[in-house]
Amino acid sequence: MKAITVVNNKHRYQNKSSMSTEISLKNYLAIQDIYKKSNLFALLVHSLCPNIYGHEIVKAGLILSLFGGNAKRTQLRDDIHILLVGDPGLGKSQMLQACARISAKGVYICGNSSTSSGLTVTLTKETGSNDFALEPGALVLADQGCCCIDEFDKMCSQHQVK
C-alpha cells in the first residue's frame, strides 16, 4: 500500500493554515512496522469498525470495494458495488459510516432522512427570485468516490434509482 498524504479531518477547521508535511518519528516507525507485516489485508479488515466483532467477509468486501475496481473501462474489473442485507442490529450502518469516513470522497446517506434531491439531482426554485438551481444528490456528491446508502428500502420511491 502506498500513500501520498494523510489528512486528519477532525482538526480540519481548527487550523486553517497549510497542512504540515512532517511526520513524527513515532508515526514513521509505526508505518514501517505495519509495512513489515506479512498479511496486510487481514489488518485492514480488522481495522474497519474494530468495535464490531466478526463479519470478516462483509468487512473484506467493503475494503475491496474501497480499494478495488478500476475507473478505466478497458480493464477487466470495473468498480465494485456492494449490497448489504441482514437483520437489524448487526452493525451494517456503522460499517457503512466507517467506509464513508475513510473514503476520499465518501458520502453517507440514510434513506429515511434523505433530502428532497434524493440520489441524483433536483431542479429547485430559488426563494425570492424566479431563478432555478440544481441541487446535487448523494450520487453526484460522491462522484468517483464511495456513496453509502443506508435504509434503501425506506427511501421514498420517487428518489430511488431504478
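The values are calculated or read from the model by the stated rules, or taken from the named source; none is laboratory data. Note that the structure is predicted; figures quoted are calculated from it, not measured. Counting neighbours? That spans all protein chains shown, and the Cβs are built from the backbone with ideal geometry, glycine included. The accessibility values were calculated without ligands, DNA or RNA, using every heavy atom of the protein model including side chains. Shrake-Rupley method; radii C 1.70, N 1.55, O 1.52, S 1.80 Å.
Between TYR28, TYR53, the distinction of being assigned to a loop (DSSP other than H, G, I, E, B), of a type in the set (Ser, Thr, Tyr) and modelled with pLDDT of 85 or more belongs to TYR53 only.
Give the residue, chosen from ALA98, ALA104, that is at pLDDT below 80 and either out of contact with any Ser or Thr (no Cβ under 8 Å at 6 or more places or on another chain) or of a type in the set (Ser, Thr, Tyr) (or both).
Working: ALA98 fails: at pLDDT below 80.
Sole residue among the options that is at pLDDT below 80 and either out of contact with any Ser or Thr (no Cβ under 8 Å at 6 or more places or on another chain) or of a type in the set (Ser, Thr, Tyr) (or both): ALA104.
Checked across region 5-20, the condition of being at pLDDT 85 or above and open to solvent by 100 Å² or more (accessible area, probe 1.4 Å) holds for no residue.
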